[in-house]
Amino acid sequence: MNDCLIIGVGNPQRGDDGVGLAAARLVRAALPDADVRESSGDPADLIELWTTTRVPTVYVIDAMVSGGAPGSVTRFDAHRHPMPVAMNGTSTHKFGVAAAVELARVLDCLPNQLFVYGIEGGQFDHAERLSPEVEAAAREVAQLICADPR
């Protein structure tokens, strides 16, 4: 996986908001040579990460809040299609990953392939543990990324 970048987004102190980081760490453990980064979700930092690495494929993993069942996983092909309107404001961050993706689209700085994995969170209180369903989803997403032939 030398030709891709995996970015885990989140805050490990806010329960399920740390799921992106947890999934990225699982990818790092399974594929030690992979370029895995962690981000708080700042849009400028995200855009800088995928523009400065200059890899053709980027995966972003983040918690989302859309009303689905905790632990449900949604995969978006963000290069081919705009992020769904329903994803705007569903990130647990003030200016979410979806908004960063759409800003990068306007600025014409999306990577050739950009896949966003949203994992539905259930609890975002001050806690250092993921809920069981969300922890299982982190493992699922890590396995999907490790097995993705692109």
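General observations
- Debye, to nearest 20: dipole size of the chain, +1 on Lys, Arg Cβ, -1 on Asp, Glu Cβ: 180 debye
- Förster radius 22 Å - calculated FRET efficiency between ALA44 and SER66, Cβ distance, rounded to 0.05: 0.35
- Hydrodynamic radius of the chain by the Kirkwood approach over all distinct alpha-carbon pairs: 14.8 Å.
- Protein accessible area in the chain, 1.4 Å probe - carbon and sulfur %: 52 percent
- For segment 3-53, the Kirkwood hydrodynamic radius comes to 11.2 Å, computed from all pairs of different C-alpha atoms.
- Working note: Karplus 6.51/-1.76/1.60 with θ = phi - 60° gives segment 126-139 the couplings 5, 7, 9, 10, 7, 5, x, 5, 6, 4, 5, 5, 4, 5 Hz, where Gly and Pro are set to x.
- Linear extension gain, THR53 paired with ASP33, 0.36 nm per residue minus alpha-carbon span: 5.7 nm
- Highest mean packing first, where packing is the average number of other Cβ atoms within 10 Å per residue, the peptides 96-104, 36-44 line up as 96-104, 36-44.
- In this simple spin-label model, placing a label point 7 Å from the Cα along the Cα-to-Cβ direction at both ALA127 and LEU103 gives a separation of 3.0 nm.
- The chain - mean residue ellipticity at 222 nm from DSSP helices (-39,500 (n - 2.57) per run, n ≥ 4, rounded to 500): -10000 deg cm²/dmol
- Amide H contacts under 5 Å for MET64, placed H, 5+ residues apart: ILE119, GLU120, GLY121
The values are calculated or read from the model by the stated rules, or taken from the named source; none is laboratory data. These figures come from a predicted structure and were not determined experimentally. Virtual Cβ from ideal backbone geometry, glycine too; neighbours counted across all protein chains shown. What goes into the accessible areas is simple: the full protein's heavy atoms, side chains included, and nothing from ligands, DNA or RNA. Shrake-Rupley method; radii C 1.70, N 1.55, O 1.52, S 1.80 Å.
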